[in-house]
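Below is one structure, written out as structure tokens; comments come after it.
The values are calculated or read from the model by the stated rules, or taken from the named source; none is laboratory data. Just so it is clear, the model here is predicted, and its values are computed rather than measured. Cβ: placed from backbone, ideal geometry, glycine included. Neighbour counts: every protein chain shown.
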Amino acid sequence: MDETGVLGLIDELSDMIEDGKPALGNKDRRSIEIGPALDIIDEIRQAFPAEFAQARQIVREQQNILEDAEVEANRILEDARNQALIVASEQEIVRIAQQQAENVLADAREMEREVRAGAEDYADTVFSHIENTVNQINENVRRCRERLNNKSAR
């Protein structure tokens, strides 16, 4: 029996009560035939277990749908957290790599300054040695010329 069947039976019982004869001196009391009223109540009782079973089945299905939705929502949240951790760790790796690149570049610049300063010091030492050697050669050439000029003048 469907919902309208039970409601129809309830309406029929209600009509029976309303159509009943009022009791003497009390308008809130009615007199009805008990047999047909009990028959309607029996029909309602027979219809309710099936409807209750359907209602329970619907409630169980809704509960299962809600549980499945909650499981799926938790899975989606966990996936989102994992993705966020991956992105955060990738960003951290990029930040660390950039920091290391900056450190390597700074070290290379410092090494370049040190090598340049060392090369300039070495070049200055070589030039100083060459200058001293050239000065000694010039001094020797001057002395040799003097001797040569002193011997020719005699």
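The table for this structure:
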read-out	value
Residue within segment 3-18 that is at pLDDT below 90, exposed (fewer than 10 other Cβ atoms within 10 Å of the Cβ) and part of a helix (DSSP H, G or I) present	yes
Arg60 surrounded by 10 or more Cβ atoms within 10 Å (Cβ to Cβ) and in contact with a Gly (Cβ under 6 Å, 6 or more places away or on another chain)	no
The listed residue being surrounded by 10 or more Cβ atoms within 10 Å (Cβ to Cβ) and either of a type in the set (Asp, Glu) or at pLDDT below 90 (or both), out of Gln54, Gln83, Gln98	Gln54
Yes/no for Leu38 being out of contact with any helix residue (DSSP H, G or I) (no Cβ under 8 Å at 6 or more places or on another chain), free of Cβ contacts under 8 Å to residues at least 40 places away in the same chain, surrounded by 10 or more Cβ atoms within 10 Å (Cβ to Cβ) and closer than 20 Å to Asp11 by Cβ	yes
Only listed residue being more than 16 Å from Gly5 (Cα to Cα), of a type in the set (D, E, K, R) and at pLDDT 90 or above, chosen from Asp39, Asp68	Asp68
Unique residue being assigned to a helix (DSSP H, G or I), small (Gly, Ala, Ser), closer than 30 Å to Val6 by Cα and out of contact with any Pro (no Cβ under 7 Å at 6 or more places or on another chain) when the list is Ala88, Ala53, Ala119, Ala84	Ala53
